[in-house]
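Just below is one structure, and these are the notes that go with it.
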Amino acid sequence: MTSSLEMIDASAAGTWTLGDLTVNRIGFGSMRLTQDGAAFGKGDSGDRNRALEVLHRALELGVNHIDTAAFYFSPLRSANELINSALAPYADDLVITTKVGPGRDPSGVWTWATPEQLRGQVEENLRQLGRDHMDVVNLRIARSHGSRPVAEHFGALAELREAGLIRHLGISHTSPEQLTEARAIAPVVCVQNAYGLGSSAQDDAFVRSCGEQGIAFVPFYAIAGEGREAGSSDIQDKDVLTVAHRHGATPAQVRVAWTLHQGPHVLAIPGTGNPDHLAENVAAGALRLSAEDLALLSS
């Protein structure tokens, strides 16, 4: 598989529709664009030209779904600015998704927006990206707010959708109860939660429930797992290694492919600042795991 990466593009995994926007199920997450091999928010800024190369290459490989946020920045780099510089004017079929709720001041200190501040965060994304509307905006819920109502915040975004600043809405780091609450206010096209091999049965059930409701499920940390912002560990599960060896694939490709096998509504947004890793991630969309592979991984 890895010997012919240049022959595989993002269409290999099939497509899904976010509202009225059709995307290839393999997309790109921009969080790691701004830094070189460090945990998010730490370390030195990455090489600008290499980041631009990754973005250009992503589109060449058929990626038409890019996930970003205004708070993805390092001391010298902004993911949104890099996307704007590399890809504007944007292709008609390119879908850019962002998230609001968290924010960082210029020094990098984290804040959380009130409902009244969400418009400013959406407008910040629009300015940085050079757009007059966002395709999809996810309301990101704080980890400590997993059981809190979301109506005020989601309602504020629904008003911006009615005003034309947002095309579609999603919700991130959320619970089934919060999703139900949000859907009573406005349509939800996607849920973006941490998910991957080793996730709980409760998480598996939520993924299935989203599919039953026609809502895209967009896992993050599908490769990193418990490494989260720091990235994947060099220590790989032996079953992942066994499946990878069977297919001539990398462990990261197996992890991405496993998420895609959880349902046609599951979209992958693996991120990297490395052009070679980008090609490997996209090629994972062509990896077809057997029933034996899936049983072994599930064990």
Margin query: Residue under question is LEU59, and the condition is that it be under 19 Å from the mean Cα position of the chain (by Cα) and closer than 24 Å to ALA222 by Cβ; does it hold?
Written below: yes
Notebook entry, point to check: What are the pairs, 6+ residues apart or on separate chains, where a residue within region 82-96 that is closer than 16 Å to VAL54 by Cα and touching a residue at least 12 places away in the same chain (Cβ under 8 Å) has its Cβ under 9 Å from a residue that is in a helix (DSSP H, G or I) and among the hydroxyl-bearing types (Ser, Thr, Tyr)?
Noted result: LEU82/THR34
Next item on the list: Would you please name the residue that is surrounded by the fewest Cβ atoms within 10 Å (Cβ to Cβ), looking only at residues in region 261-281 that are among the hydrophobic types (A, V, I, L, M, F, W, C) and either without any contact (Cβ under 8 Å) to a residue 24 or more places away in the chain or closer than 23 Å to GLY211 by Cβ (or both)?
Entry: VAL266
Checklist line | Single condition GLY130 does not satisfy, out of (1) touching a Cys at 6+ places or on another chain (Cβ under 6 Å); (2) surrounded by fewer than 21 Cβ atoms within 10 Å (Cβ to Cβ); (3) of a type in the set (Gly, Ala, Ser) | finding: (1)
Check: Residues in region 135-193 that are under 18 Å from GLU116 (Cα atoms), surrounded by 21 or more Cβ atoms within 10 Å (Cβ to Cβ) and among the charged types (D, E, K, R): how many?
Finding: 1
Margin query: Tell me whether region 1-17 contains one or more residues that are within 16 Å of LEU126 (Cα to Cα) and at pLDDT 95 or above.
Written below: no
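The values are calculated or read from the model by the stated rules, or taken from the named source; none is laboratory data. What you see is a predicted model, and the numbers here were worked out from it, not measured in a lab. Positions of Cβ are generated from backbone atoms using ideal geometry, with glycine treated the same way; all protein chains shown enter the neighbour counts.
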